[in-house]
Every structure is written in C-alpha cells, then in structure tokens.
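Inspection log for the structure reproduced underneath, given as structure tokens.
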Number of protein chains: 2
Amino acid sequence: MPGRRASGRAASATVDAMRRSFWAWGWEELLPAGAARQALAAQVAGALGQAMPEPKPLPTLGRAIAGISRASVAPPQSIAALCDTSPEARLRHAYGRAYPDLVRGFACDFAAAPDFVCLPRTEEDVARALDACAANDIAVTPYGGGTSVVGGVEGGGRGRPACALDLARLSSVLEVDPVSRAARIQAGVLGPGLEAQLQPHGLTLRHFPQSFEFSTLGGWVATRAGGHFATLYTRIDDAIESVRLITPAGAWASRRFPASGAGPSADRLALGSEGVLGVITEAWVRVHPSPRHRASATVFFPDFLTGARAARAIAQSGLYPSNCRLLDPGEALLNGVGGEGAVLFVAFESADHPLQAWMSRALELLAEAGGTCPRGAVYRAHGEKTRGEESAKWRDAFFAAPYLQSALVSLGILADTFETACTWDKFEALHASVSSTVADALRRICGAGFVSCRLTHVYPDGPAPYFTMLAPARAGGELAQWGEIKAAASEAVLSAGGTITHHHAVGRTHRPWYDRERPEPFAAALRAAKRALDPTGILNPGVLFD
Amino acid sequence: MPGRRASGRAASATVDAMRRSFWAWGWEELLPAGAARQALAAQVAGALGQAMPEPKPLPTLGRAIAGISRASVAPPQSIAALCDTSPEARLRHAYGRAYPDLVRGFACDFAAAPDFVCLPRTEEDVARALDACAANDIAVTPYGGGTSVVGGVEGGGRGRPACALDLARLSSVLEVDPVSRAARIQAGVLGPGLEAQLQPHGLTLRHFPQSFEFSTLGGWVATRAGGHFATLYTRIDDAIESVRLITPAGAWASRRFPASGAGPSADRLALGSEGVLGVITEAWVRVHPSPRHRASATVFFPDFLTGARAARAIAQSGLYPSNCRLLDPGEALLNGVGGEGAVLFVAFESADHPLQAWMSRALELLAEAGGTCPRGAVYRAHGEKTRGEESAKWRDAFFAAPYLQSALVSLGILADTFETACTWDKFEALHASVSSTVADALRRICGAGFVSCRLTHVYPDGPAPYFTMLAPARAGGELAQWGEIKAAASEAVLSAGGTITHHHAVGRTHRPWYDRERPEPFAAALRAAKRALDPTGILNPGVLFD
C-alpha cells in the first residue's frame, strides 16, 4: 500500500527507500526525532518563555493499526479487485495534513478512516467504482496526495460507508505537445513524478506548492492550488487547457483550446470543485521550457507595511516577477533569513531573454519605496545554483516547514497557518485586525502565542497574505482550542474583506465562512449542478455544501 | 428612445448630435451613403470581377415603423412606467449587428422585435421586471449595446411574448479605488462613457473591442468579450474582480477579491452566461493608469504562416506585448496597410517603464523568424500621436470596418467575419482547411468570393484566428446562402480543433456547434443551474441551450 509511492519514472533510489509517515508530514525519515526533537522542544520553550511538558513518544504504526475500528462495509464485488481493505491502507487515507489531522494522527485516533481504499488503474475503473458506490450508497472521496489542510479528504467517520478513491495508479504524462507547450497528464501524478516525466522534453510545469512532493495534479486542479509564481501564473487555474472528470453522470471532457469564449468555462467549474462534481482523471496543462536566465535579489524594509507598499508597486508595474514574496520580521526570524525588519525576495526567470532591464526597474521601485538591497541583484544562467543566497535559505525552510509543523504538534504546540487575499485598499486594516485578533485569541485560549505574516502572491489589485501561528496547546484540549482560534481568525479575515482562502481550498474546515462568502444564487446553481451530476450525493459529501 | 444615447458624462456635442442607425452599424451619419456608396459599389464590382446590380436605396425609419406588427402583449402593470412600447423602440431592439441582422434590417423586416422595451433605472427595477415577466411568461432578453453578432439579443419573433431589458440607464462609474486600481461600474455603460468617467482619475479599463463605441460593460461580461490586448489581458474575464447579477431567484453578488480559491469561481460562471442566468447589473473591474510609454513596430513577412510562427515566438517569449496582430496579405490589402506579404503589428505599453528592452528582444525574435522591419521601432511618450504609422491606419480601419460591412450588405454583398482559437500544433492545418472550405463554399454558393485571416490575440499555447469573407449575394437568398456558408465554416473550424468562438459568444447562431463542443455533463450542470435560478425559463431562451 501507498506508504511508499513511486515519485514518477525518474524517482531516485533514495526516495524509493523512504517511507511516508502514517500521521505526520512527508517522509518518516525526515521528521525531527530523537535529539533533534529534544533540541526543538528546548528551543520552543525558550521562544515561548514557558516550560513545556516532557515530549510524548512518537506514535507507532502498530498502535495505530491496533486501534482502528472494523470497516462497516466491504467493497462492492465489481470493484473488490481494485480495493485495499487493510487497516494500514484505511488509516493512511483517513486524513489530510491539517493541524487537527496531525493531532488525531499523533494520538492514533483514526476514527475517520474510510471503510476501504479503491485504486483504479483506468478511467473505466473510476466509472465502475462510482457506479458501484452509488448503487450501495457509499460516499466516495477522491484522494490525490492526501495533503489537504482543510479536511478535504476526510470522508469517513460520519456514519455513512466511505470509500477513498486513490488516483495513485493514474500517474503518467500521456502526451507532450512541444509546439503549443502543453502536456496531457494523469491526475494522480505527484509533483516530482510530473516534473521528472516532463524533464526529458526540456519542459516544466513550474507549479511548486509547498506540498509539491506529496500532492497531485488532480488535487491541484480540484483545490485551485497556488504555485511558486508570485504574479501572473499564480495558481494552477492559469495552466489548465482542458480537464477530464469522470462523474456519476458520465465523462466530462472539455476540448483543448488556448482560450474559448463559448459560454461559461467548463474548466472553471471543475477548478475548485474539490471532488464534489466528479473525479478529475487528467488535464492538458500549459508547460514552460526550463528557465535559462534568472535574476534574484533580497530587499530589506524597516517594517512589513512599508514592504507591502513596495510589493504593491511591483505588482502594479507590469514587470511580472516570478517571485515577490514579503516576509514580516517574525517570518524572517522563523525561517532563518533576514535581520531586523521585513524581507522581500524578488526574482525573475525567463527561457527567452536576459533580465537586467526587468530587475533594474524592480530594484528602482523597491528603493523608491524604502527598500535596501545591500548585495544587489544576482544574475544566473541555467544550471547555476543559488546556494548561500537568502532566497535559497528561504526555499529550503519553505519546503521543510510542514515537517517542522508536525514536529511541533508532537511537542504539544498548536502550529497552524491560514491565508487569504484582499484588495490593496483593505490590506493594511486586514493585516492589523487579523494579527491582533489572532494574537489575542492565542493569549486568551493558550496563554501565549506568536503570529506572523507573509505575502505569498501579489496581484495588481491586492496581495495574498499568509499567516502562521504558534502557541502552547493544552494536552487533550488541542482540537477545541484550535477550533476556537480558527473561528476567530476566519471571522477576522471575512469581516476585514478577505476571502476565506486564496489557495488552501474550502474542504470541510472552511465551510461556515465559505457559505457566507458565496453568493446565494451561485450556491443554488452549484447545488443544482451537483444534483444533476451526482444524484445520489456520493461524491465527497460535506465538502463545499451538504 | 435610444436612437441617441449619451456616451457618458463627457460625451462630446458632436456625438450627442448624431443618431444611431436603426438597421446598420453605428452612427447613421457615418454610414457610407450617396457618392461614397456609389464609389464603394464600383470598387467591389472591380474586386470581385463581377457586375453588381444597381444599389437599392437605403431603408428609412418610416418604412420600418410602418411595417412592424402589433405587439402581442402590453407590459405588465407593475413595470409599465419603465417600458417603451413604441414601434421605434421595439424595432431598435429587434436585432444585434450580425450579417443576418443587417440583411433583415436593410429589408425593414423587424419580425423579431420584442413586444416592449423595459428600461430599468435601478436594480430594484430589474428585479421587478423579472418578477413581472416571470408571472406573465414573458421572455426577457438583457440588452446592452445591441452589437451581438451571434443573435444574442434577438428575443422576439418566436411566438412567446418578449421583453428587451435595456440597461442603458445603469451607466455610471459608481466607485473608484485608486489604491487597488479597480472601479465599480454599472453594466449599461457604453465603452466611451466608461472611459470618460474613469479619465478624471487617470485610469482606464483599456478594453477596446471593435464594438467599443456601442457595446456595454455588461455585454462584455455576458459574452466574454475580447479587447485590444493581444496577450495576457485578452478578454474582459481577466479584468473582473466581482460581478452582480439580478436573477429571478435573487441577487447574485460576489465579493471583491484579487483572487479567491474558495470553490469554483462564481464570476467565471457569470462570465459567458449570455443573459440566461441573470441580468448583470454591475461589476468591479481592474483598471490601469494611462500608459506613459509606448513602443510599436510594423514587421513584414513573406507569407502568413511565416508570420504566424513569428507571432508564436512572441507569444511564448514572456514579453507580453499589448499588441501582436498579424494580418494576412488579403487583410492587409483590405485595410490599406502593408504591401505584398503579411503584416505584424507589435506594440508594448506601460505606465511604469520605458520599453526599449522589451521591443528590442521582440524585434530580434521577429527578425530570426523571417520578419523585416524597415522603419524600426517607434517609441513615444504619453500624448504623442501615432499618425502616419501603419498601426494607426490599421486602427482606423479596424473601427471603421463594421460601417463598411453595413454598406457592403446594402450593396448586396455577403460580408461577414468569424473567429476561433486553437492550439499552435493545430493552427496551420486549421488555417488551411478553414480557408479552403470557406473559399470553396463562397464559390459554390455565391459564384465568387474572398476570404482572409488575421490573428487577433496570441497565447503561449495558441492563436485566435479571425476570418473575413466577402461574396456577391443573391437578392432574396442572402439568409439561406449565409446559413450554408456559416455552417460550412463552423464545421471546418470544429473539425480542425478550433472552438466555435474565442470572443464573439454563442448566442443563437453558434448553438449547433457549441452543443457539440460543450462537455455533456457540463451542459447538464448548466441546465440544472439555469432551472435553479430561472425556473420559468424567461431569461434569453434559446441562447446557450433550449
């Protein structure tokens, strides 16, 4: 079962030898343990100015398996050969990797495990699984990499038989069109496998969410995932040429066009559908040649809001940097980059042209806005490494952060992130009210806490702010404490004019605020669409609507 | 009634003194008449190598009014005060400006006139009109500028009482947010009025479809209209921050965000909804400061396909020119620009930075692809005019083209355009098969004819080709001839892998091909959404689906 999953045709031997943690982020071997975990505990106690309880031992797979309850149903006969009913498979498909998932996983509480896991090999298998589950009133949760941070893949534990439909076997790049720069790719491929299969063609999707190593193309499409481009191609939405879904009402296959004006976009209804309308099986995506020119710079600002005004100038300049990420002083500290103030990473990349003119103008704008760039811009040709730069340190810290979160949770720390987007006119007030609301909530509910903010993506009309929060949790009370803090944060975001999510999706967690954010007639339209495609309501019930 | 409509607060006295033609494109005064029309007739006869019949006299409003049939219903009492039941109002709202509309208008056949025209002043009026029409089973066609070229506003003449809901009185820019560069604008405003109201703020939407002078923001959103930007912000879709619609089931108001990942986008379902889900009343749109720097160049290619490969290089370069329009030799000739071969206009504009680096690289790419640019690039600062340049001649010809089409129709010429988009890998074959299919059809059906092509927008993964066709029509047989040619062209587009429309919308004309292009489960979802919002099916019946 998928404790070990091939990361694609070119997966390295090292990776193949590693094993996914059954409860924590990523590879079991990369989770801080032993002395590293002890050192982290000491560091946290110091940072929070509080004595922390003795770390509990890490959970074992054996204990988790021993604790799992019996399945309520067996797989229907017609798909039995595609299904895995083992306790390990079931518990590995119980949760995503949100804070409550980590808390429950650490406690070996896998009550939300599905009754069985179905692993289709083909679209026909997917259709057969949907038919069988509809006939037997079994809820079906499409499952990609299992990295949801919003309860998007938590299909079991609700009194209705549940199947996790894992797309892992649909993981190939099927076609490459180098002329149009596009590729037809199956939904179940993980980020590294996708890039490894494109690489021989000199092409890359360049979609690098923090979950890259463990999330799938289908999951990105279903959740409108945000990637590494800070401007222009910020989310997977912009890469989609066409999508195929298998719905209980048949195959939904849009045609491949660079753009069409023929009615509302079918693809845009599939994007963000979070598994409630159908199972995404493949997509044509726009790809890029590998960049040949890169330019990057690290710019310092006295404070976050000054940096944000500078980021706005960049976002509105028409220069379209690939990176324009602003860290507040807390984020900079947390990630081991920068000094006293805020830090902005700006970078350009191109497969076509040198980037001096672009970067020079960006640095002018940033300097006019109060930034300093002591080391100037760095220009690199293809293949040159970025070691030693602040931005490289940041990148490493960025991809290590989910491991750190798991380790912190194991130490009794409430560690979570949330994100939004708002227009620039509302940003400063939103930042102030969300930061203070969350800081107050952490103090009130946990007795202490820390909140920081960065801008992950910037648009001409507004930024996507991303908040991190840390606080000491009360053993046994983590989920209640988190629920109260999450509600306070979400209320603050909504009342300040932010969206409940820019790229983390809705899932089950964001439902109360999504329901308020969504226009009511659109909700009625979406429910009607759902009924038309999924009349028995088997697809991911509870996500997006009831 | 709206024979004369204010083009916005800053409309000039000249424009106010002009009058919209009741049958032809645009201002009555600008339609070639008298000697100009005679000269055009001679020119066409020469170009087609055929003697043409003596031009019929232009139709008069009096004759049109005399011929219109009685309305089948009066406006419901609750909205009577908002309604105009005059024959002139009715016939002015009968058609868009497609070829069949011009033919019927020229013949004073206004059989498709609605029974009355409703002119709401507020959203409450819109809701009241929908309620009243639903209660009385009257079809409602939302009407913006009446420039549809796909039968999108032709609501009458189908045996069901029909109301044209004209948004002309909702024509204000309500709010401007200069920080986020966005504005809240009512749907009924025409292009010039919108720009005139933004201009005091130093801002511009820069959405310049060919219909700019006579089409509305609401119409652009409803039809996903294409504007003048050849890359990036090609269509109104990309300018939309949020939309308000009044549906029979209530107000649909999305919140204003730079981006949200909360479920499928409500705005993307409104975009392209062509009046079947609700009446668009306003939108927050992203605006730009007026450009301060411009760079433009005219590049010549030996033939169209060589030019298209060059346009692809530009589209895939990441340079994002504002203009990258390629005319084949026929288009160039027709518009009085260029010489023997194909002509490509490339231009950059920026409110932020000089454009030498951008244009230099673009000219390098174009030269590598076989282009010559004898006069080099022209760089201009804000306010400098473009007179004398080929691109300025093109722009003038572009906006004059619909007048020319009306005049040609009045001379018995079948003159029409159609457009598509396809991926680059399919483009050359599509161009060949569509061109030859249409040329054959014109010869077979009309005895002679001319077809030309340009690229209006270019994407990294494909172009939007736009075809123009001219042929001598048979008096009395125009609609049948056109129907046959349109079907041949549409079949050729679809079978070569193009979309039935990139920016002209579906309306009633493109339905047979749209129905085939659209994924069936998505059609089911859309129909279900429609039933949820418009249970009596009063909104624009026949558009997008039955």
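The values are calculated or read from the model by the stated rules, or taken from the named source; none is laboratory data. What you see is a predicted model; the values in this text were computed from it and never measured. Because the Cβ atoms are built from the backbone with ideal geometry, glycine has one as well, and the counts that use them run over all protein chains shown.
At a glance:
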| item | result |
| --- | --- |
| Candidates A:Arg206, A:Arg181 - the one that is of a type in the set (D, E, K, R) and at the interface with another protein chain (Cβ under 10 Å from one of its Cβ atoms) | A:Arg181 |
| Residue list for region B:493-506, filter: facing chain A (nearest Cβ under 10 Å) and touching a residue at least 60 places away in the same chain (Cβ under 8 Å) | B:Gly497, B:Gly498, B:Thr499, B:Ile500, B:Thr501, B:His502, B:His503, B:His504, B:Ala505, B:Val506 |
| A:Arg516 vs. criteria modelled with pLDDT of 95 or more, at the interface with another protein chain (Cβ under 7 Å from one of its Cβ atoms) and assigned to a helix (DSSP H, G or I) | no |
| Search result, residues across region B:26-51 that are out of contact with any Phe, Trp or Tyr (no Cβ under 8 Å at 6 or more places or on another chain) and more than 22 Å from B:Asp101 (Cα to Cα) | B:Gly34, B:Ala35, B:Ala36, B:Gln38, B:Ala39, B:Ala42, B:Gln43, B:Ala45, B:Gly46, B:Gly49, B:Gln50, B:Ala51 |
| Subset of region A:330-366 [hydrophobic (A, V, I, L, M, F, W, C) and within 14 Å of chain B (Cβ to nearest Cβ)] | A:Ala347, A:Phe348, A:Ala351, A:Leu355, A:Ala357, A:Trp358, A:Met359, A:Ala362, A:Leu363, A:Leu365, A:Leu366 |
| Selected residue (only one of A:Gly261, A:Gly278 is within 26 Å of the chain's Cα centre (by Cα), within 30 Å of B:Gly542 (Cβ to Cβ) and surrounded by 24 or more Cβ atoms within 10 Å (Cβ to Cβ)) | A:Gly278 |
| Qualifying residue in region A:62-81 (condition: under 26 Å from A:Val149 (Cβ atoms) and in contact with an Asp or Glu (Cβ under 7 Å, 6 or more places away or on another chain)) | yes |
| B:Thr216 within 10 Å of chain A (Cβ to nearest Cβ) and under 16 Å from the mean Cα position of the chain (by Cα) | no |
| Filter result for A:Ala107 (small (Gly, Ala, Ser) and either farther than 23 Å from A:Ile280 by Cα or at pLDDT below 95 (or both)) | yes |
| Qualifying position, being within 14 Å of chain A (Cβ to nearest Cβ), crowded, with 19+ Cβ neighbours inside 10 Å, in contact with a helix residue (DSSP H, G or I) (Cβ under 9 Å, 6 or more places away or on another chain) and more than 30 Å from B:Asp109 (Cβ to Cβ), among B:Tyr459, B:Tyr466 | B:Tyr459 |
| Residue match in region B:519-538 (condition: more than 10 Å from chain A (Cβ to nearest Cβ), in a helix (DSSP H, G or I), of a type in the set (Val, Ile, Thr) and buried (at least 18 other Cβ atoms within 10 Å of the Cβ)) | no |
| Positions within region A:334-355 being farther than 13 Å from A:Glu390 by Cβ and among the hydrophobic types (A, V, I, L, M, F, W, C), in sequence order | A:Leu334, A:Phe348, A:Ala351, A:Leu355 |
| Residue within region A:173-182 that is among the small types (Gly, Ala, Ser), surrounded by 24 or more Cβ atoms within 10 Å (Cβ to Cβ) and over 16 Å from the mean Cα position of the chain (by Cα) present | yes |
| Residue match in region A:285-301 (condition: surrounded by 22 or more Cβ atoms within 10 Å (Cβ to Cβ) and assigned to a helix (DSSP H, G or I)) | no |
| Residue in region A:213-222 that is over 22 Å from A:Arg92 (Cα atoms), in contact (Cβ under 8 Å) with a residue 60 or more places away in the chain and not hydrophobic (A, V, I, L, M, F, W, C) present | no |
| Test: residue in region B:445-452 that is on the phi < 0 side of the Ramachandran plot, without any contact (Cβ under 8 Å) to a residue 12 or more places away in the chain and more than 7 Å from chain A (Cβ to nearest Cβ) | no |
| Filtered residues of region A:119-142 (kept if of a type outside the set (A, V, I, L, M, F, W, C), surrounded by 19 or more Cβ atoms within 10 Å (Cβ to Cβ) and part of a loop (DSSP other than H, G, I, E, B)) | A:Pro120 |
| Residue satisfying condition, being within 13 Å of another protein chain (Cβ to nearest Cβ) and over 30 Å from A:Asp328 (Cβ atoms), within set A:Gly227, A:Gly250 | A:Gly250 |
| Residue identified as closer than 29 Å to A:Gly193 by Cα and at pLDDT below 95 among A:Gly155, A:Gly159, A:Gly151, A:Gly144 | A:Gly155 |
| A:Thr204 vs. criteria under 30 Å from A:Ala24 (Cβ atoms) and buried (at least 23 other Cβ atoms within 10 Å of the Cβ) | no |
| Checklist (1) within 7 Å of another protein chain (Cβ to nearest Cβ); (2) of a type outside the set (A, V, I, L, M); (3) not in a loop (DSSP other than H, G, I, E, B) applied to B:Phe257, failing item | (3) |
| The one condition in (1) over 21 Å from B:Pro161 (Cβ atoms); (2) crowded, with 19+ Cβ neighbours inside 10 Å; (3) not aliphatic (A, V, I, L, M) that B:Phe116 fails to fulfil | (1) |
| Only listed residue being part of a loop (DSSP other than H, G, I, E, B), at the interface with another protein chain (Cβ under 8 Å from one of its Cβ atoms) and either within 25 Å of B:Ala464 (Cα to Cα) or of a type in the set (D, E, K, R) (or both), chosen from B:Leu232, B:Leu269 | B:Leu232 |
| Residue in region A:475-492 that is outside any helix (DSSP H, G or I) and within 14 Å of another protein chain (Cβ to nearest Cβ) present | no |
| Any hit, region B:239-255, residues being surrounded by fewer than 22 Cβ atoms within 10 Å (Cβ to Cβ) and over 30 Å from A:Ala528 (Cα atoms) | no |
| Selected residue (only one of B:Gly507, B:Gly477, B:Gly483, B:Gly497 is surrounded by fewer than 21 Cβ atoms within 10 Å (Cβ to Cβ) and at positive phi) | B:Gly497 |
| Only one of B:Gly156, B:Gly188, B:Gly145 that is over 23 Å from B:Val285 (Cβ atoms) and either touching a residue at least 12 places away in the same chain (Cβ under 8 Å) or assigned to a loop (DSSP other than H, G, I, E, B) (or both) | B:Gly156 |
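Residues are listed down the side, and each one gets a yes or a no for (1) out of contact with any helix residue (DSSP H, G or I) (no Cβ under 7 Å at 6 or more places or on another chain); (2) small (Gly, Ala, Ser); (3) under 30 Å from A:Ala36 (Cα atoms):
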{"site": "A:Arg361", "(1), (2), (3)": "yes, no, no"}
{"site": "A:Gly371", "(1), (2), (3)": "no, yes, no"}
{"site": "A:Ala377", "(1), (2), (3)": "no, yes, no"}
{"site": "A:Ala400", "(1), (2), (3)": "yes, yes, yes"}
{"site": "A:Asp416", "(1), (2), (3)": "no, no, yes"}
